[in-house]
Amino acid sequence: MLFVLLPGLWLATSALAAAATQEDDTGISPTPVQRFEEAQALRHAGELVAAMEQLDALRADFPHDVDYVLARAQVLAGLQRHDEALAELREGTRLAPDYEDVWKLRDRLLAMRDETAAVEERIALRKEAAERFPNSEWWRPQRSDDEGQWLLLIGAGYDDLSNQLPSWNNQFFEIQYRHSPSHQYRLQLARNARYSSVDTTVGLGTEFSSAQGWIAGLDISSSGSPDYLPELGYSGHIGKTLEAGWVVDLRYQRREFTTATVSSAIGSVEKYIGAFRYAYSLGLSRLHGASSFSNHTVTANWYYSDDSSVGITVSSGDEAESLGNGQVLESNVKGVTVNGRRKLSERVGIRWWLGVSDQGDFYRRRFLGLAVSVQL
C-alpha cells in the first residue's frame, strides 16, 4: 500500500509543477482559480510549503478574498503555526462575518489552547456564533467544554495457535478522561487467558500535547502473580510534530517478568500526506543477562473520515516473549495486522483488528478482536 500510494502522489505533484511551468513557457499566466486549485492540490498531497507559497501570492494579490484566507489558515495549521493561523482566521471573520467554515476552524484551533486568553476568546466566539448561526450545533456548549470528556472502551480478542496449542482469549475495560484537548488520562483493567492460566492487569496512562507541537506520555501496568505477563511494565515517550506533516517520537519501555527483564528503546517517524499516514519504527531491545536484538515496524493508515480509518502494520525482527513456566526467550517474529475504527453515531464507535504472527518456531498465532467505544 505504501509503495503504491507514494509514487502516485509524487506523480500528481510533479504534474502540477509541470503544468505551471508549461503555462509560464507559453506566456499565458494561470488564472486565480487555477492558482487556487493548484494550491489546494498541493495541500491535499501534503506539500504544505509549496501550497503556502501559492497562497501567499494569492493573498497579496487579492487581500479581501476570504477563500484564500481560509485556505492559508488551513495550511498554517498543518504546519503547526497556530498563532499565525488564528491571526488569519480573525481577519477572515472580519472580512466575511457569515462565512461559517472560518468560524469553525478558528474554534477548533482555540480548543487546542489552554491559555486564559484563548479560552476567553473561544467563549466570546461561541457567543457571537450563536447569534450568527442559530441553526448550527458546533458552537453549543457541551459538557466536555466545562467538565471534561469521558470515554468508555470495552473489548475482547481471540487468538488461535498452531502446533495443537490451546487458544488464547482476552477481555479489557478502559475508561479515558480528556481533561482538555491537550491532556488526557486512562485506566485499564484486562483479563488474559493463555493455556490453563489467567493473568489480570491494571494499567494507568496519561498523554500530553502542546500548542508548539510537543507530545509526551507515560504508562504503567501491574499484574498480580502472573504466569506469563510482566509483573511490572512501564514506558514513557516524547515526540514533536514538525512541518510538512512529519512527526518524530522516542519511547523507552521496560517489562519486568518474574524471571527476566526486557528493556527497549523505540524510535519512530511518521508522515501525513492528505488522508494518509505512513510510519516506520525501529526498536532496540535487551533481554538482561542474555542478548540484544532489534525489530522493525511499517504502518500505513487511511483516514476516510474524521473519526474512521483503516490501516495495515507489518512487523519483523526479534522480540522477547514469555512462553510460560518462567521462560522468557528471544525469537524471530514476523506479523501482519489489519485494524480499523468506525464511528457509528455521535457517541458510539467500534474498533476492530485481525492478523497473523509467527513466534519463531514455537507457534503461529492468528488473532482477531473487537471493541466498542461510548462517549459518556
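Is it the case that L218 is among the hydrophobic types (A, V, I, L, M, F, W, C), more than 30 Å from L76 (Cβ to Cβ) and touching an Asp or Glu at 6+ places or on another chain (Cβ under 8 Å)? Walk me through it before giving the result.
Values: among the hydrophobic types (A, V, I, L, M, F, W, C): yes; more than 30 Å from L76 (Cβ to Cβ): yes; touching an Asp or Glu at 6+ places or on another chain (Cβ under 8 Å): no.
Answer is no for this residue.
Tell me, which residue of the stretch 289-303 that is on the phi < 0 side of the Ramachandran plot and modelled with pLDDT under 85 is nearest to the chain's Cα centre (by Cα)? Break it down stepwise before answering.
First, pick out the residues of the stretch 289-303 that are on the phi < 0 side of the Ramachandran plot: 290-303.
Still in the list and also modelled with pLDDT under 85: 290-291.
Working: A290: 35, S291: 33 Å.
My answer is S291.
In the same structural domain as V269 (by TED's automatic domain parsing), assigned to a strand (DSSP E or B), among the basic types (K, R) and closer than 23 Å to D199 by Cα - does that describe any residue in the stretch 348-365?
yes
Can you name the residue in the stretch 146-165 that is over 24 Å from P181 (Cβ atoms) and part of a strand (DSSP E or B) and is also modelled with the lowest pLDDT among such residues?
It comes out as L161.
I'd like the full set of residues that are among the β-branched types (V, I, T) and more than 19 Å from K334 (Cβ to Cβ), limited to the stretch 287-311.
V310
Of the residues in the stretch 26-57, how many are part of a helix (DSSP H, G or I) and either surrounded by 10 or more Cβ atoms within 10 Å (Cβ to Cβ) or at pLDDT below 50 (or both)?
Total satisfying the criteria: 22.
Tell me which residues, restricted to the stretch 32-76, are more than 16 Å from D101 (Cα to Cα) and among the charged types (D, E, K, R).
R35, E37, E38, R43, E47, E53, D56, R59, D61
Out of E91, E174, which single residue is touching a strand residue (DSSP E or B) at 6+ places or on another chain (Cβ under 8 Å), among the acidic types (D, E) and closer than 28 Å to G213 by Cβ?
E174
Return the residues of the stretch 60-86 that are under 19 Å from W246 (Cβ atoms), in a helix (DSSP H, G or I) and of a type outside the set (D, E, K, R); say none if nothing qualifies.
Hits for the stretch 60-86 are Q74, V75, L76, A77, G78, H82, A85.
Out of A320, A300, I need the residue that is in a strand (DSSP E or B), over 20 Å from D249 (Cα atoms) and of a type in the set (A, V, I, L, M, F, W, C). Which one?
Matching residue, one of A320, A300: A320.
Specify the residue that is farthest from L232 (Cα to Cα); the eligible residues are those in the stretch 178-200 that are modelled with pLDDT of 95 or more and surrounded by 17 or more Cβ atoms within 10 Å (Cβ to Cβ).
R186
The values are calculated or read from the model by the stated rules, or taken from the named source; none is laboratory data. Just so you know, these numbers come straight off a predicted model, no measurement behind them. Note: ideal-geometry Cβ built from the backbone for every residue, glycine included; neighbour counts use all protein chains shown.
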